[in-house]
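Can you read through this structure? Questions will come right after.
The values are calculated or read from the model by the stated rules, or taken from the named source; none is laboratory data. Model, not experiment: these values are computed from the prediction. Cβ placement follows ideal geometry from the backbone for every residue including glycine, while neighbour counts extend to all protein chains displayed.
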Amino acid sequence: MASPAQLRAAGLGRKTVEKFVDARDSMDLDAELNRVLSMGFQLLSLDDSAYPEYLAEIHSPPIVLYIWGDLLPQDRVAAAIVGTRRATPYGKAVARDLASGLASSGVTILSGMARGIDGVAHQAALEAGGRTIAVLGSGLDIIYPPEHRKLARSIADAGAVVSDYPLGTRPEGSNFPPRNRIISGLSLAVIVVQAGERSGALITANFAVEQGRDVFGVPGRIYDHGSKGVNRLISQGAFPATSVDDVLEVLNLEVVAKAAPAPLPEDKTERKVLGSLGSEPIHIDELRARCELPIAELTACLSMLEIRGQARQVGGMHYVRAREPRAEYRLG
């Protein structure tokens, strides 16, 4: 058991050390550990050598982590994808593509397992065969929202469900803002997909800034209420996230190219637009006439193709088909 002096030598602040020692002294850790283990969970304290390094460095790190599943060393390369519970089809599609692309590239996906963007991001990471971690605002024995119980089990099988709240803690509204510091604290970057002006996702972004993490925002239409918060983030200096590559490049990941071509989209409209693109730039007006699509539908379609790395805008609203090979990434 680490002494206060050893905890301070490890880089923890005085107040954090005091809080930890007080909590350790007041809690029967052996009894709590036995209770946690009997339910199939793990208990990790701040002075444990397996405690996540990045998380230990933040202001007010969790004294104890309750874990369902496993935290692995590879989870150091992680990105959080967060956003509104009232996600639009566009927001869900973007979250799905970003989570799938990053997970396929070996990046662990963090989120809060809420309805909307969070749930989509977790599910997409699982479907891509990647790792994902959910951070709860309740005890591990009280999954919220209840319809995500099956998702929680799948996450625990391919990553971890994490909480700093004791077993039996109800999902009170006041629990969620503090847990957001854990989502950002476990991540190298936070990507906000859709967020209104008072979205909880913005709290996660603020924690990320305080913790020195990179913050990304997915641009949204200026008239959409659900995009006002994220658009403001971008205007304040957040990186625009228009593709998986945007995130990987900022995270300084090394590219390892593979020869496999990108699959054709399943959506008929996207296949039609992609088939009309080539190596020669084409203006969006000409593309609209060629595809016989409303401009709003065409713009949304092009955004999806850009997110997937299958199309690129080369300036002046001209687009080309991206023919580069797909890639995997590792830390450079």
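Just give me the residues in the range 169-217 being in a loop (DSSP other than H, G, I, E, B) and more than 15 Å from the chain's Cα centre (by Cα), in sequence order.
169, 170, 171, 172, 196, 197, 198, 199, 211, 212
Here is a check on your reading of the model: is residue 51 surrounded by fewer than 19 Cβ atoms within 10 Å (Cβ to Cβ), hydroxyl-bearing (Ser, Thr, Tyr) and touching a residue at least 12 places away in the same chain (Cβ under 8 Å)?
On the way: surrounded by fewer than 19 Cβ atoms within 10 Å (Cβ to Cβ): yes; hydroxyl-bearing (Ser, Thr, Tyr): yes; touching a residue at least 12 places away in the same chain (Cβ under 8 Å): yes.
Against the criterion (surrounded by fewer than 19 Cβ atoms within 10 Å (Cβ to Cβ), hydroxyl-bearing (Ser, Thr, Tyr) and touching a residue at least 12 places away in the same chain (Cβ under 8 Å)), residue 51 qualifies.
For every residue, the table says whether it meets (1) closer than 16 Å to residue 91 by Cα; (2) in contact (Cβ under 8 Å) with a residue 40 or more places away in the chain; (3) charged (D, E, K, R).
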| position | (1), (2), (3) |
| --- | --- |
| 193 | yes, yes, no |
| 201 | yes, yes, no |
| 204 | no, yes, no |
| 215 | no, no, no |
| 225 | yes, no, no |
| 229 | yes, no, no |
| 237 | no, no, no |
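If you don't mind, another one. I'd like the full set of residues that are assigned to a loop (DSSP other than H, G, I, E, B) and surrounded by 24 or more Cβ atoms within 10 Å (Cβ to Cβ), limited to the range 132-163.
136, 137, 140
So which residues in the range 218-242 are over 16 Å from residue 199 (Cα atoms) and outside any loop (DSSP other than H, G, I, E, B), if there are any at all?
Scanning the range 218-242 gives 235, 239, 240.
Could you tell me whether the range 181-192 includes any residue that is surrounded by fewer than 24 Cβ atoms within 10 Å (Cβ to Cβ) and more than 23 Å from residue 61 (Cβ to Cβ)?
The answer is no, given that none of the residues of the range 181-192 is surrounded by fewer than 24 Cβ atoms within 10 Å (Cβ to Cβ) and more than 23 Å from residue 61 (Cβ to Cβ).
Still on this structure, please answer the following. Residue check: is residue 166 assigned by TED's automatic domain parsing to the domain that holds residue 132 and outside any helix (DSSP H, G or I)? Before the answer, list the steps.
Working: assigned by TED's automatic domain parsing to the domain that holds residue 132: yes; outside any helix (DSSP H, G or I): yes.
Yes.
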